[in-house]
């Protein structure tokens, strides 16, 4: 524990000398006493400490949380960017109506005061520009199922980020060869297909996370009804400088 605090102090000191905001204590964010019990249950399958570490989100960032749903990841990002940052929680009109109570109840909490609700289609990121990061968690497959023009969407996401900005995508893994054919039936998408689509917009893959991998998953069951933990991939793309 002592070494942990020493490492945090050294990291903060070096970042300050370089004029860069230090990374927050992600474990402290997840352990915050004002987080809901429902979110703590979701933590079990989402491994949020590792996910936040993978994104490297930090104070002062401008983040678009695309496919925000009930706001679980939007709140985590908001806690990480702190009062000097902002999180845009974007969803389609249909999703907003379906999840209104869940998101609205969360929006009343202090942790969400730097979150801006955005209601637009997936391929229209509110005309934003200069974003530091876009998080797109467990919803890219929905865009395929809904017939979204994903080439257009990815081009607009690319344009919304500043040079060096990051797009972090996590989703439920489909079997090789499934492509986008099971996005409606199994709510999964083939990783290699998603990667090709995103890279076609100009993004460069810079990291892959294995912390949500579950090789025991046969990947032939619905992602929310699987008898085993669901195999999920996490990819970090960068808009080249």
Single residue of the range 210-241 satisfying the filter (in contact (Cβ under 8 Å) with a residue 40 or more places away in the chain and over 19 Å from residue 176 (Cβ atoms)) that is surrounded by the fewest Cβ atoms within 10 Å (Cβ to Cβ): 241
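Sort through 184, 227 and tell me the only one that's touching a helix residue (DSSP H, G or I) at 6+ places or on another chain (Cβ under 8 Å) and assigned to a loop (DSSP other than H, G, I, E, B).
On the way: 227 fails: touching a helix residue (DSSP H, G or I) at 6+ places or on another chain (Cβ under 8 Å).
After applying the criteria, what remains is 184.
Conditions (1) buried (at least 16 other Cβ atoms within 10 Å of the Cβ); (2) farther than 24 Å from residue 172 by Cβ; (3) in contact with a helix residue (DSSP H, G or I) (Cβ under 7 Å, 6 or more places away or on another chain), marked per residue:
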residue	(1), (2), (3)
51	yes, no, no
60	no, yes, yes
73	yes, no, no
92	yes, no, no
95	yes, no, no
110	no, yes, no
133	yes, no, yes
- request: Examine the range 146-165 for a residue that is out of contact with any strand residue (DSSP E or B) (no Cβ under 8 Å at 6 or more places or on another chain) and free of Cβ contacts under 8 Å to residues at least 24 places away in the same chain, and state whether such a residue exists.
  value: yes
task: Return yes or no: is residue 122 outside any strand (DSSP E or B) and in contact (Cβ under 8 Å) with a residue 60 or more places away in the chain?
output: no
task: Could you tell me which numbered condition residue 160 fails, if it satisfies all but one of (1) surrounded by 15 or more Cβ atoms within 10 Å (Cβ to Cβ); (2) touching a helix residue (DSSP H, G or I) at 6+ places or on another chain (Cβ under 9 Å)?
output: (2)
query: If you go through the range 30-40 one residue at a time, how many are under 18 Å from the mean Cα position of the chain (by Cα) and surrounded by fewer than 14 Cβ atoms within 10 Å (Cβ to Cβ)?
result: 1
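Residues are listed down the side, and each one gets a yes or a no for (1) within 27 Å of residue 140 (Cβ to Cβ); (2) in a loop (DSSP other than H, G, I, E, B); (3) in contact with a strand residue (DSSP E or B) (Cβ under 9 Å, 6 or more places away or on another chain); (4) modelled with pLDDT under 95:
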residue: 12; (1), (2), (3), (4): no, no, no, yes
residue: 21; (1), (2), (3), (4): no, yes, no, yes
residue: 27; (1), (2), (3), (4): no, no, no, no
residue: 32; (1), (2), (3), (4): no, yes, no, no
residue: 51; (1), (2), (3), (4): yes, no, yes, no
residue: 69; (1), (2), (3), (4): yes, yes, yes, yes
residue: 79; (1), (2), (3), (4): yes, no, no, no
message: Condition first: modelled with pLDDT of 95 or more, closer than 24 Å to residue 62 by Cα, touching a strand residue (DSSP E or B) at 6+ places or on another chain (Cβ under 6 Å) and crowded, with 21+ Cβ neighbours inside 10 Å. Can you find one or more residues in the range 186-199 that meet it?
response: yes
query: Residue check, residue 111 against (1) under 16 Å from the mean Cα position of the chain (by Cα); (2) part of a helix (DSSP H, G or I); (3) within 14 Å of residue 86 (Cβ to Cβ), all met but one. Which one?
result: (1)
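The values are calculated or read from the model by the stated rules, or taken from the named source; none is laboratory data. Note that the coordinates shown come from a computational prediction; the quantities given were computed from them, not determined experimentally. Reconstructed Cβ throughout: ideal geometry from the backbone, glycine too, with neighbour counts over all protein chains shown.
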